Amino acid sequence: MSAAPDTLSNLPQIICDEVSIRLPDLKACKPHAGKFSLEELKKSGLTSPAVVISTLGAKQGEGYAGHSTEFLLSMAAYVVCKDALGLQRDLAAANICQVLLELVPGKNWGNPACGQAQGVAMHTLISAKSKDSGVSLWAVTWNQPITFFQSSPAPLGAQIYVGGTPISGAS
């Protein structure tokens, strides 16, 4: 049995849906193809606070019997904050990152093709340009194991016979 053909393309939206539940006050949570930067932010006109979920790449992991190969997806949740009434952008970004750091480890996002998220890390992407723009850009990254083939439970198709005379008594 294979995974759904759109598993890879749908994963960022599935993650966005779960993040939006945990962080209902976000103005936006949406998928994005590839790395997200200040230049991308300027082009997108994204409102703040926001989280952008990206698949950054993949590398082959373990191979298993039955032609099942695991891949490790490199995932990122980019956190975008601007100054708001009562809360500075860097503090707001740190608070959102804390929620993500609690949410992501061990998650398979309800998808049987995914293993448990691992290697979760946080990065501040603050630069002179982002400070001048009044924006705080942070990221939470992780590796998401995924396989595009799941075997179905089935009989082995072979019968195993064990025979022989038991050895009894001391030698």
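What follows draws every value from the coordinates through simple rules; no lab data is involved. Given the structure is predicted, the values throughout are model-derived calculations rather than measurements. Positions of Cβ are backbone-derived with ideal geometry, glycine not excepted, and every protein chain shown enters the neighbour counts.
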Subject >> Pairwise label distance in nanometres, Met122 with Gln98, each label 7 Å out on the Cα-Cβ vector >> reply: 0.8 nm
Original post:
What order do you get for Val104, Val19 when you list them from fewest to most C-beta neighbours inside 10 Å?
Top reply: Val19, Val104
Subject >> Cα centre as origin, Lys/Arg/Asp/Glu Cβ charges: region 7-147 dipole, Debye >> reply: 340 debye
Original post:
Can you work out the FRET efficiency for the pair Ala84 and Lys59, with r the C-beta to C-beta distance and R0 = 35 Å, to the nearest 0.05?
Top reply: 0.35
**OP:** Within the set of other residues whose C-beta is less than 15 Å from the C-beta of Gln13, count the net charge using Lys and Arg as +1 and Asp and Glu as -1.
**Re:** -1
Subject >> Signed unit charges on C-beta, dipole axis of region 7-147, positive-most listed residue Leu41, Ser133, Thr7 >> reply: Ser133
Original post:
Using the count of nearby Cβ atoms within 10 Å as a rough guide to exposure, how do Phe71, Phe148 rank from fewest to most?
Top reply: Phe148, Phe71
Original post:
What relative contact order, as a whole-number percentage, does region 7-147 give when Cα pairs under 8 Å and 6 or more residues apart are counted?
Top reply: 23 percent
Subject >> Linear extension gain, Asp6 paired with Ser133, 0.36 nm per residue minus alpha-carbon span >> reply: 42.0 nm
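So, by mean Cβ neighbours within 10 angstrom, what's the order for 134-147, 108-121 with the highest one leading?
In decreasing order of mean packing, 134-147, 108-121 become 134-147, 108-121.
Just rank Glu18, Glu39, fewest to most, by other beta-carbon atoms within 10 angstrom.
Working: Glu18 16, Glu39 9.
Result, fewest neighbours first: Glu39, Glu18.
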Subject >> Two-decimal log10 I(q)/I(0) for region 7-147, as the Debye equation yields it once each C-alpha is a single scatterer, q = 0.11, 0.13, 0.19 Å⁻¹ >> reply: -0.40, -0.55, -1.07
